[in-house]
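**Q** My questions all concern the structure below.
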Ligand SMILES: [Zn+2]
């Protein structure tokens, strides 16, 4: 194990040095022709542009609650008892001399509009970076705190309206923003490289066609009634590496489509991103900034129904995190230099309709919710549906605001964020249509509208569909917005947002 890591390091250094030199030559030629041809370059594609300057900074701020607080993740109240590993807000700031963008990932179950709005406000006040250029996504750790909901009409959740949860939420924007301020304070010239790892053994679609013709959700290990998976998984593990100099990695951004719920219990833990930090930290040094985001995985988890083996706890988190780290390292020699450092950012608020329900169902839901303090609790799917109906009714205009954001670096790298637990097929549709070499999807970003199934899944029903607040077709609307923004940025039509980014 140790030997193979050292071997990788050797390869890495040689490769990085060679590619770094090649890039300097490319850059020098680019500058020369740029000076010669002036604005003619503007009409060319990204590939022909000079690289231009790129300054990148990294910051991390601990966001572990300082006292026992209700934990997120399951339908029930459980207070934290200890910390296994700290929770982090990790930030990367990129600056091409004209435009600045921010990518933030927090070790939390989700993001809500209040915390995103307040955090962006602090960032705009201090750094002048507008909201459209700040992407804040959550890893979806099930061993982080329950999120207090400042908007009372949206507040129906187990344990999230306690004083402890409120106290935590009020201090959160400042703690998240601190990671961005730290990143902006250490901006320096860095080179960007990108690659896509492959991982086909870890993630499993959790919806299955069953022998009785229904679609099952988490039907259980070795269930003989399973026919086959009802949806795909996404094997791609896109990553972007930033180097200070050949052989010295400063930071790494990566994402993968897998549900982040392996640890369980009552100790704070970032779950598998903790192992990624530990494992890749051994390769690249503890000071390397390792920022992992959760991709579109609304219907994907780590449970392999073909084995009866238990898959939970810290050991399972470590197994998955180590393997994801290995998949990144295995593709390290595929790293390509980003040819242009031009940054662009845009976002669009897509107004999606809520799921309709009858007046009769509304009354039924009130009945279920009135029994939430009883023992035993109402049946699980009844609670899921009742919460959905209460949430939907908290939006009297029948619409949900869903922010779709796209940030791109040159013609090669795109980060797309979506506000919810997004079915993997929707993420794949965006990646397939994206003109960029790599497209990294961050879900649960800039707020959340809950589960976002595919149009087809609505016909099939079961958990995610029962829970989904948005109407059938909403997911496809978000995909369309993302693809539109990707194409626009690829074609260099984001002049306006570039000006805004200063
Ligand atoms: Zn979950």
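No value in this document is a laboratory result; all are computed from the given coordinates. Since this is a predicted model, take the numbers as computed values, not measurements. Positions of Cβ are backbone-derived with ideal geometry, glycine not excepted, and every protein chain shown enters the neighbour counts.
**Q** Would you mind ranking 79, 256, 490, 239 so that the residue whose beta carbon has the fewest other beta carbons within 10 Å leads the list? Write out the running numbers ahead of the final one.
**A** Working: 79 14, 256 29, 490 20, 239 26.
Ascending Cβ contact count within 10 Å gives the list 79, 490, 239, 256.
**Q** Note down, for segment 262-378, the three equivalent ellipsoid semi-axes (square root of 5 times each alpha carbon gyration tensor eigenvalue), biggest first, whole angstrom.
**A** With the √(5λ) rule applied to segment 262-378, the semi-axes are 39, 26, 14 Å.
**Q** Moving to a separate point now. Where does the chain land at 222 nm, in deg cm²/dmol rounded to the nearest 500, when only DSSP H runs of n ≥ 4 count, each adding -39500 (n - 2.57), divided by all residues?
**A** -11500 deg cm²/dmol
**Q** Hey, another quick one. Taking every pair of alpha-carbon atoms in the chain, what share in percent sits in each 20 Å bin, from 0 to the bin with the longest distance?
**A** The percentages, shortest bin first, are 23, 58, 18, 1.
**Q** A further question follows. Give the peptides 212-223, 371-382, 104-115 in descending order of average Cβ contacts within 10 Å, highest first.
**A** Working: 212-223: 14.5, 371-382: 11.4, 104-115: 24.7.
Ranking the peptides 212-223, 371-382, 104-115 by packing returns 104-115, 212-223, 371-382.
**Q** How much of the DSSP beta bridge set in the chain is antiparallel, as a percent to the nearest 5?
**A** Of those bridges, close to 75 percent are antiparallel.
**Q** What is the list of residues in segment 62-100 whose amide nitrogen lies under 16 Å from a point 7 angstrom out from the Cα of residue 377, following Cα to Cβ?
**A** 70-80
**Q** Whole angstrom only: what separates the Cα centroid of segment 444-485 from the Cα centroid of segment 159-227?
**A** With segment 444-485 and segment 159-227 each reduced to a Cα centre, they are spaced 16 Å.
**Q** Another question about this same structure. Run the numbers for residue 185 and residue 122: contour at 0.36 nm per residue of separation, minus the present Cα-Cα distance, in nm. List each step's numbers first, then the result.
**A** Working: separation 63, 0.36 × 63 = 22.68 nm, distance 1.51 nm.
Once the chain is fully extended between residue 185 and residue 122, it gains 21.2 nm.
**Q** Nearest 0.05, what FRET efficiency do residue 162 and residue 333 give at R0 = 45 Å with Cβ-Cβ as r? Show your work: numbers first, answer last.
**A** Working: r = 50 Å, r/R0 = 1.11.
So the FRET efficiency works out to roughly 0.35.
**Q** Next up: For a footprinting-style exposure proxy, rank 143, 99 by other Cβ within 10 Å, fewest first. Write out the running numbers ahead of the final one.
**A** Numbers: 143 29, 99 22.
The order, fewest Cβ neighbours first, is 99, 143.
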